[in-house]
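The values are calculated or read from the model by the stated rules, or taken from the named source; none is laboratory data. Just so it is clear, the model here is predicted, and its values are computed rather than measured. All Cβ positions, glycine included, derive from the backbone under ideal geometry; neighbour counts span all protein chains shown.
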Amino acid sequence: MAQSAVIRRNIVESLEATVKRPLEIAGNTKIAADLGLDSLAIMDFIMELEDRLDLSIPLNRIAEVETIDDLVRTIEELKEDAK
Amino acid sequence: MTILAKFSPLRDTYVSLKGQGYDPFQLSFDTITSPTEGTLNGRPVLLLGTNNYLGLTYDPACIDKAVEAVKTRGTGTTGSRIANGTYEGHAALEASLARFYGRKHAMVFTTGYQANLGVLSTLAGKGDHLIIDADSHASIYDGVKLGNAAVHRFRHNDPEDLYKRLRRIEGEPGDKLIVIEGIYSMMGDCAPLREIAAVKRETGAYLLVDEAHSLGVLGARGRGLAEAAGVEADVDFIVGTFSKSLGSVGGFCLADLDGFDILRVACRPYMFTASLPPSVVASTLEALNQLELQPELRLRLRANAQQLYSGLESLGLELGPHVNPIISITMPNPEAAIAFWSRLLEAGIYLNLSLPPATPNGRSLLRSSISAAHTPAQIDRAIATIAAIGRDLGVVPSADMSETRLRRSVAE
Ligand SMILES: Cc1ncc(COP(=O)(O)O)c(C=O)c1O
């Protein structure tokens with residue numbers, strides 16, 4: 001599987017683990033506006049995702065993220081930086 | 001549509017909250033008459049949620065010092081210390097704090113909130129890393145947001161999780177600063193500081209402890225959790241507030257690090273706000289003095305906390321894991337919490353209503369804080385009132401009542 005597909009799958013799983021229900025998610029789904037996650041839920045979701053990917057996703061990098069695609073891009077950049 | 005349109009979801013939540021009882025955000029006392037008493041709507045109310053841990057707000061010596069200072073030094077400084085200069089009281093307070101904590105450097109801020117804003121946004125710069133507890137106070141979240149460092153969040157009070165997250169950024173350049181609190185303000189639990197200090201040593205990070213709720217409360221001399229846990233040498237920075245055990249307003253940061261004073265010309269929340277007025281400085285200095293002169297206040301505080309905790313625990317209520325002066329009761333849902341809180345007010349007992357998302361794990365809390373100034377009789381009355389209302393609302397189990405029926409009536 002391509003890296004972005006793996007990231008995407010982990011994002012969906014982490015979101016579902018956070019909200020505890022199955023979700024319909026597309027690349028342009030807005031994490032806060034469309035899924036109804038408040039600021040605390042977003043931070044908890046990111047924490048879950050960090051553990052799945054074994055990667056630190058600093059909170060200051062989340063500020064610019066709105067959609068799932070934004071998040072995939074940010075994570076790819078973080079993985080690139082870590083190399 | 002105005003600039004305020006974005007607040008309509010918040011307004012809806014707020015309005016629905018208000019509809020269920022008193023407005024917890026607009027509560028207005030007629031008067032406050034002592035550390036533990038006031039009046040509300042013409043009726044006496046017992047204060048059980050004011051963070052006035054040592055009850056020093058009405059200490060005669062503190063009041064005298066404040067009165068003397070306001071008469072001789074005036075009502076305010078009308079500016080910041082870099083603009084209007086340092087008054088002798090500011091310097092004396094810093095010297096006194098440094099001596100009390102056995103630290104080289106002390107810096108006083110206008111509030112504890114600003115101390116966290118200033119210290120966290122300035123100490124850690126671009127390329128540095130802040131590693132904060134997930135349940136950190138708003139001032140810590142805001143402080144890390146104000147700066148340019150990378151912000152990492154670890155699971156509440158979990159040293160292994162902290163270690164794991166530090167390992168993930170092991171090879172990255174920049175300084176690392178771990179940020180924790182002595183007593184957490186929502187559940188009243190202490191950080192596992194000894195274990196966290198061990199992680200700090202192993203990973204070469206710096207460690208900051210916010211002792212806002214533990215100054216004057218924990219430790220043989222009342223310095224806080226670091227003293228109680230015996231790891232003061234591992235703590236690089238101590239942040240705290242005068243607004244709780246010292247009964248006034250203001251914040252501070254202490255350190256041993258050489259060159260720490262450079263923050264006075266780098267830290268914007270220190271530089272660009274008016275300094276504390278002389279009367280506040282004077283009462284705070286005296287409160288610190290009283291804290292040392294009256295160690296029995298701390299013992300009474302402990303005993304009072306134990307009395308309230310045991311009393312509530314025996315009712316079968318769900319409390320935090322540690323017996324500290326912050327004692328929070330977890331309610332089954334926000335509606336039950338609001339109903340309970342409103343009934344307590346009607347019965348003459350004031351404590352704090354804390355609702356998600358301001359609370360950990362989506363909890364709805366009745367948050368009380370105990371004071372050395374409470375009498376055992378006042379605490380007994382509080383427990384009895386909580387028991388009676390709790391039974392009535394079906395939150396406290398009762399042998400002769402159908403719990404499920406009452407639970408349903410609360411939910412309706
Ligand atoms: C942990 C913690 N830090 C800082 C503060 C801020 O203190 P202050 O009231 O002095 O702004 C508080 C209290 O509100 C707190 O609970």
Selected residue [more than 30 Å from residue B:356 (Cα to Cα) and among the hydroxyl-bearing types (Ser, Thr, Tyr)] from B:58, B:53, B:22: B:58
Answer residue from segment B:122-145, given it is more than 9 Å from the ligand (Cβ to nearest atom) and within 17 Å of the chain's Cα centre (by Cα) and is nearest to residue B:262 (Cα to Cα) among those: B:143
Pairs please, first residue from segment B:239-252 and in the same structural domain as residue B:274 (by TED's automatic domain parsing) and charged (D, E, K, R), second anywhere and near the ligand (Cβ under 7 Å from one of its atoms) and part of a loop (DSSP other than H, G, I, E, B), Cβ atoms under 9 Å, 6+ apart in sequence or on different chains. B:244/B:212; B:244/B:213
Report whether or not residue B:194 is within 14 Å of another protein chain (Cβ to nearest Cβ) and not polar (S, T, N, Q). no
Identify, please: which residue in segment B:156-191 is closer than 19 Å to residue B:320 by Cβ and of a type in the set (Val, Ile, Thr) and is, among those, surrounded by the most Cβ atoms within 10 Å (Cβ to Cβ)? B:180
Segment B:364-381, residues that are free of Cβ contacts under 8 Å to residues at least 60 places away in the same chain and surrounded by 17 or more Cβ atoms within 10 Å (Cβ to Cβ): B:364, B:366
Extreme residue, farthest from the other protein chains (Cβ to nearest Cβ), among residues of segment A:15-52 that are outside any helix (DSSP H, G or I) and β-branched (Val, Ile, Thr): A:25
Just a yes or no: is a residue in segment B:149-164 touching a Gly at 6+ places or on another chain (Cβ under 9 Å), more than 20 Å from residue A:44 (Cβ to Cβ) and at the interface with chain A (Cβ under 8 Å from one of its Cβ atoms)? yes
Considering every residue within segment B:148-158, establish whether at least one is at pLDDT 95 or above and within 12 Å of the ligand (Cβ to nearest atom). no
Test result for residue B:108, crowded, with 21+ Cβ neighbours inside 10 Å, outside any loop (DSSP other than H, G, I, E, B), out of contact with any Asp or Glu (no Cβ under 8 Å at 6 or more places or on another chain) and in contact (Cβ under 8 Å) with a residue 12 or more places away in the chain: no
Going residue by residue through segment B:104-119, is there one that turns out to be touching a Gly at 6+ places or on another chain (Cβ under 6 Å) and farther than 14 Å from residue B:242 by Cα? yes
How many residues does segment B:94-121 hold that are away from the ligand (no atom under 16 Å from the Cβ), under 20 Å from residue B:82 (Cβ atoms) and in contact with a helix residue (DSSP H, G or I) (Cβ under 7 Å, 6 or more places away or on another chain)? 1
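Which helices (runs of 4 or more DSSP H) does segment B:1-90 wholly contain that include 2 or more residues that are within 30 Å of residue B:299 (Cβ to Cβ)?
B:60-73
Being over 16 Å from residue B:319 (Cα atoms), of a type in the set (Val, Ile, Thr) and either surrounded by 18 or more Cβ atoms within 10 Å (Cβ to Cβ) or in the same structural domain as residue B:311 (by TED's automatic domain parsing) (or both) is the requirement here; does residue B:359 meet it? Reasoning before the result, please.
Details: over 16 Å from residue B:319 (Cα atoms): no; of a type in the set (Val, Ile, Thr): yes; either surrounded by 18 or more Cβ atoms within 10 Å (Cβ to Cβ) or in the same structural domain as residue B:311 (by TED's automatic domain parsing) (or both): yes.
For residue B:359, the condition - over 16 Å from residue B:319 (Cα atoms), of a type in the set (Val, Ile, Thr) and either surrounded by 18 or more Cβ atoms within 10 Å (Cβ to Cβ) or in the same structural domain as residue B:311 (by TED's automatic domain parsing) (or both) - is not met.
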Any hit, segment B:31-42, residues being modelled with pLDDT of 95 or more, on the phi > 0 side of the Ramachandran plot and buried (at least 18 other Cβ atoms within 10 Å of the Cβ): no
